[in-house]
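Structure, as structure tokens:
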Amino acid sequence: MTRFAALFLIVLFTSCSNYGQLTFIAKLPHKISESSGLVQMDNASVWTIEDHGNEDELYQVDFEGNLLKELKVKNGKNEDWEDLAKDDQGNVYIADTGNNNGERKDLVIYKVPNPEIEPGDKIDAEKIEFYFSDLKDFTPKKEEKVYDCEAIFYHNKFLYLITKNRSRPFNGEARIYKVPAQKGNYKAEFIGSFNTCNEPNTCIITSADISPDGKKIVLLGYGKLWVFTNFTWDNFTKGNMETIDLKATTQLEAVAFKANSNTSLLLTDEERADTGQNLYSYELKH
């Protein structure tokens, strides 16, 4: 092999596997190519889901990339599953909130009991149905497509939803809403909004989580993290916000704090050409 060829292969490999500041943990199982949500119940594995067009299932994966368990979610059709959250009782919430065109009238979050202790291959789900309080037009123009939602987290008996802005021209606004974390049909309460940045390829919100101590909230984008601290409820965006460029070119779709850590994150991405379908870690500095 010539020196030029060797250099070309190194550059090609690097560009196809640019994880930036992320630490690679494992390749996800072949069956999971579009991981869209992530939650950790213990230190030995993670649970994930896939988004639109995939199975109505929760998947448990260990840190070697092995598929440990699959749970069919009863009464939980996957229209567009986009994120996972958990509460302090071990319940898991599946956000069927993908709404690319702003036209869905069937937004729902599925609440399932702790999957770690489910003995079978199916799990019951309760429905938390909701609608956005300020959404009136279900055939929005390009500049009004701001009601897609791929990010949720749980805090103090409520679920917080952060929207993924699809407006064109892109204005960087992300909106925050909340709904009760129990079965019912609700009007999602508008909490506030903030601007991520102005680049649509990296400044859209794809996932969220809150630290075990409740003092940090992280939002994930394509290559960026937004970390909120020193906030008060409900509008956490009024606290301090740090933007972290992960230097990653992969399509990051899910983030979760490790089960017993307030600084260690786990992330996954979707499979795209020669990249993605991986589990990563990232350590916040403080």
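The values are calculated or read from the model by the stated rules, or taken from the named source; none is laboratory data. Keep in mind that what you see is a predicted model, and the values were worked out from it rather than measured. Heads up, the Cβs are rebuilt from the backbone with ideal geometry, glycines too, and the neighbour counts pull from every protein chain shown. What goes into the accessible areas is simple: the full protein's heavy atoms, side chains included, and nothing from ligands, DNA or RNA. Shrake-Rupley method; radii C 1.70, N 1.55, O 1.52, S 1.80 Å.
So what are the ³J(HN,Hα) numbers for region 151-157, from phi and the Karplus equation (6.51, -1.76, 1.60; θ = phi - 60°), rounded to whole Hz, Gly and Pro as x?
These are the phi-based 3J(HN,Hα) values: 9, 9, 8, 9, 7, 6, 6 Hz.
At 1.4 Å probe size, with every protein chain present, just tell me what the per residue accessible area of region 205-286 comes to in Å².
Values: 3110 Å² over 82 residues.
Spelled out: the 1.4 Å probe surface of region 205-286, per residue, equals 38 Å².
Under the rule of -39500 (n - 2.57) per DSSP H run of 4 or more residues, summed and divided by the residues of the chain, what mean residue ellipticity at 222 nm is obtained, to the nearest 500 deg cm²/dmol?
Dividing the helical sum by the residues of the chain leaves -1500 deg cm²/dmol.
Determine ³J(HN,Hα), in whole Hz, for all residues of region 229-241 in sequence, where each value follows from phi through the Karplus function 6.51 cos²θ - 1.76 cosθ + 1.60 and θ = phi - 60°; x replaces Gly and Pro.
9, 6, 10, 10, 8, 9, 7, 5, 6, 7, x, 7, 10
Spin-label point model (7 Å from Cα, Cβ direction): what's the K127 to E242 distance in nm?
With each label placed 7 Å out from Cα toward Cβ, I get 4.2 nm.
Please work out the ratio of the alpha-carbon Rg of the chain to 2.2 N^0.38 Å and round it to two decimals.
Against the compact-globule rule of thumb, the ratio is 0.98.
With Kirkwood's inverse mean 1/r over C-alpha pairs for Rh, give me the Rg to Rh ratio of region 75-221, two decimals please.
We get a ratio of 0.97 for region 75-221.
Please report, as a whole percent, how much of the solvent-accessible surface of the chain comes from carbon and sulfur atoms (probe radius 1.4 Å).
48 percent
Can you spot the aspartates and glutamates whose alpha carbon is less than 17 Å from K105's alpha carbon? Ignore those fewer than 8 places along the same chain.
Result set, ordered by chain and number: E79, D80, E82, D96, E129, D134, D137, E144, D148, E150, E189.
Evaluate the distance, in nm, between pseudo-label points positioned 7 Å from the Cα of T263 and of I117 along their respective Cα→Cβ axes.
Taking the simple label geometry, T263 and I117 are separated by 3.2 nm.
Taking 2.2 N^0.38 Å as the expected size of a compact globular protein, what ratio does the Cα radius of gyration of region 230-285 give against it, to two decimals?
Details: Rg = 13.9 Å, N = 56, 2.2 N^0.38 = 10.2 Å.
For region 230-285, the normalised Cα radius of gyration is 1.37.
Once you have the Cα-Cα distance between A26 and R168, take 0.36 nm times their residue separation minus that, and quote the gain in nm to one decimal. It would help to have the intermediate numbers written out before the result.
Working: separation 142, 0.36 × 142 = 51.12 nm, distance 3.60 nm.
Answer, rounded to one decimal: 47.5 nm.
Quick check: from the Cα gyration tensor, does region 70-148 come out rounded (a/c under 1.5), prolate or oblate?
It is prolate, given that a/c is not under 1.5 and a/b is the larger ratio.
Please list, in chain and number order, the residues 5+ apart from R175 or on another chain whose amide H is under 5 Å from its amide H, with Hs placed from the backbone.
HN-HN under 5 Å from R175: T163.
Sort 85-96, 23-34 for me by packing, meaning the mean count of neighbouring Cβ atoms within 10 Å per residue, highest on top. Present the calculation step by step, with values, prior to reporting the outcome.
Values: 85-96: 20.8, 23-34: 16.2.
Ranked by mean Cβ neighbours within 10 Å, highest first: 85-96, 23-34.
Consider a paramagnetic label point 7 Å from the Cα of D134 along Cα→Cβ; state which residues of region 141-162 have an amide N under 18 Å from it.
Those under the cut-off are 141-151, 160-162.
In µm²/s, what is D for region 84-123 at 20 °C and 1.002 mPa s, where D = kT/(6 pi eta Rh) by Stokes-Einstein and Rh is the Kirkwood radius from Cα pairs?
This corresponds to a translational diffusion coefficient of 184 µm²/s.
Order 66-77, 121-132 from most to least packed using the mean count of other Cβ atoms within 10 Å.
Ranking, from highest mean packing down: 121-132, 66-77.
In Å, what is the Rg of the alpha-carbon atoms in region 129-286, and how long is Dmax?
15.5, 44
Can you give the Kirkwood hydrodynamic radius of region 27-113 from its Cα pairs, in Å with one decimal?
Result for region 27-113, one decimal place: 13.3 Å.
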